[in-house]
Amino acid sequence: MLHWVDTIFPRRILFQKDRRLWHLFIGRLFASTGFSIVIPFLALYLHGTRGYPMSAVGLIFFVGALTGAAGQIVGGEWCDRSGRKVVLVWSQLIRSIAFLALGLAVTLHAPFLAFMALTSLSAFAGRMFEPPSGAMIADFTDGERRAEAYGVLRIGGNLGWALGPAIGGFLAALSYASLFFVAAAVLLFAAILIALKVEETSPRHRKRVDGEPAAAAEIPTVGPVPPERGFDLSVIGTTLRDRTFLRYCLITLIFFTVMAQLMSTLSVYVVEWARHTKVELGVLYTLNGLMVVFLQFPVVRLLTPFRLTTAMVAGSLLYVAGYSMMGLGSSFALLAAAMFVVTSGEIVSAPASMNLVANFSSDRLRGRYMGVYGLFNSFGWSIGPLVGGVLLDVATGRSLLLWGPIAGLMLLAALGYWDLRRRIDPATDQNKEVLT
């Protein structure tokens, strides 16, 4: 009777006997809710209430995302050495403290540098979450099930994005400080939930927890990394000796630079330029989240037979179309339609991007590859708000001058993925189960 539900929601996978994915899904849900309560409205506070120019606001996000890039690398190396769970818990605890401090900074009208420092701390902790969560999925899934599991994880994150901005829009109308205090409480709850429910999945560290001897470490093809070594930046260079993976990461840098425009650039455009309310802005972000919740899983299944780079090209072109639509007008109906198209691009491309990273890496180096990929991800998210901020200051009310260059960048990414398709090993470019 409920079989139709499986076509739009991963009931069969999410509620299976193995509860590891369910617990990770819930942890991701609360982590994303806490984060998304705040982030769409931070730029509005700094620009609209405190009067900082958007280029300066973009600089805050730029520095914060650069710090987040370091968090990606630290999180990837740390989860390979100490296990996935400990990194997940600490990332949420640190981010909760950062948001609490940001709430105090709003209350006390703290200076610009205080917001830059605290936003950077939040970004560092938040980005530490990504490599261990991605590695956890790869630890206990493969083939089509891995692609579906990444889709499930994204559903958890985007369900949080559906809830968070709706809550944030209401709270922002009352008090900006309340945004940060509520977000800090939600993230603290996420840390406690992960500590109590999420199980360790790293093969080496899980065996140690179970009292079994650790398996002999696989010798990675790019050189061994003994567990007792401290963090070494040379591991980034060794990973990037994989030239195809390096090419993929560079294209991804452009992709996430454009994807980042959904944060500070869109929020300021909708409220300051298009003159819509904060509640309406929250509705747009909620549309984004709900679309991923209900469409991610069926789209993953639909795209399973296709090459992963095909999904990346298609997703990039949908972004081009959606951002171009935003430059054509400012009515709420048009913005909602543009958000629908942009989110469709996100749904098509995001699981494929993570699956490609998992296919590039071995079991032993999975966290490292996730971390290095996340480094380029974070660079994109750092450059994006700065590019958007400068365009907002320069375009001065001309929508096409704002969104045209952004759409052009994503077209460049689409061409890059198409070129990568010709160079990549076809076995790496497929869901593993399709090949069997």
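The values are calculated or read from the model by the stated rules, or taken from the named source; none is laboratory data. Everything quoted here is computed from the prediction, not taken from an experiment. Neighbour counts run over all protein chains shown; Cβ positions are idealised from the backbone, glycine included. What goes into the accessible areas is simple: the full protein's heavy atoms, side chains included, and nothing from ligands, DNA or RNA. Shrake-Rupley method; radii C 1.70, N 1.55, O 1.52, S 1.80 Å.
Suppose all protein chains stay in the model; what accessible area per residue would a 1.4 Å probe give for the chain, in Å²? Can you show the working numbers first?
On the way: 16550 Å² over 436 residues.
Using a 1.4 Å probe on heavy atoms only, each residue of the chain averages 38 Å².
Quick check: from the Cα gyration tensor, does region 289-405 come out rounded (a/c under 1.5), prolate or oblate? Taking the square roots of the gyration eigenvalues as a ≥ b ≥ c, region 289-405 is oblate.
Put simply, when 194-201, 340-347, 368-375 are sorted by average Cβ atoms within 10 angstrom per residue, most first, you get 368-375, 340-347, 194-201. Temperature 25 °C, viscosity 0.890 mPa s: under these conditions the Stokes-Einstein estimate for region 329-388, based on its Kirkwood radius over C-alpha pairs, is 177 µm² per second. Inter-part distance, region 343-392 to region 113-154, computed on C-alpha centroids, equals 10 Å. Between ARG241 and SER331, the modelled labels are 5.9 nm apart [label points 7 Å from Cα along Cα→Cβ]. Computed from Cα atoms, the angle from the helix 332-360 axis to the main principal axis of the chain rounds to 20 degrees.
Label region 65-184 by shape, choosing from rounded, prolate and oblate, from the square roots a ≥ b ≥ c of the eigenvalues of the Cα gyration tensor; if a/c is under 1.5 it is rounded, and otherwise prolate applies when a/b is larger than b/c, oblate when it is not. Oblate, because a/c is 1.5 or more while a/b does not exceed b/c. Taking label points 7 Å from Cα along the Cα-to-Cβ direction, LEU400 and TRP273 give a separation of 1.3 nm.
Under the 0.36 nm per residue contour assumption, what length would be gained going from the current alpha-carbon distance of GLU280 and LEU302 to full extension?
That pair, GLU280 and LEU302, stretches by 4.7 nm at full extension.
For the chain, the dipole from Cβ point charges (+1 on Lys and Arg, -1 on Asp and Glu) about the Cα centre works out to 240 debye, to the nearest 20. Accessible area of the chain with a 1.4 Å probe: how many percent of it is carbon plus sulfur? So the carbon and sulfur contribution to the accessible surface is 69 percent.
Per-residue accessible area (protein heavy atoms, 1.4 Å probe) orders LEU66, LEU253 as LEU66, LEU253, starting from the largest. Full extension of the segment from TRP418 to ALA114, taken as 0.36 nm per residue of separation minus the current Cα-Cα distance, would add 105.2 nm. In this label model, SER362 and SER82 are separated by 2.5 nm, measuring between points 7 Å along each Cα→Cβ vector. Taking Cα atoms, how many degrees apart are the long axis of helix 243-259 and the longest axis of the chain, rounded to 10 and kept between 0 and 90? Here the helix axis deviates by roughly 30 degrees. Ordering PHE25, MET128, ASN288 by the projection of their Cα atoms onto the charge dipole of the chain, which places +1 on the Cβ of Lys and Arg and -1 on the Cβ of Asp and Glu, puts PHE25 at the extreme positive end. Scaling against 2.2 N^0.38 Å puts the C-alpha radius of gyration of the chain at 0.93. Comparing ALA184, GLY374, ASN359 along the charge dipole axis of the chain, the residue lying farthest to the positive side is ASN359, per the Cβ-charge model.
Computed over region 57-99, the percent of Cα pairs more than 11 Å apart is 68. If I fit a long axis through the Cα atoms of helix 366-395 and take the longest principal axis of the Cα atoms of the chain, what angle between them do I get, 0 to 90°, rounded to 10? Its long axis makes an angle of about 10 degrees. Once a ≥ b ≥ c are taken as the square roots of the eigenvalues of the Cα gyration tensor of region 15-88, is the result rounded (a/c under 1.5), prolate (a/b larger than b/c) or oblate (a/b not larger than b/c)? Taking the square roots of the gyration eigenvalues as a ≥ b ≥ c, region 15-88 is oblate.
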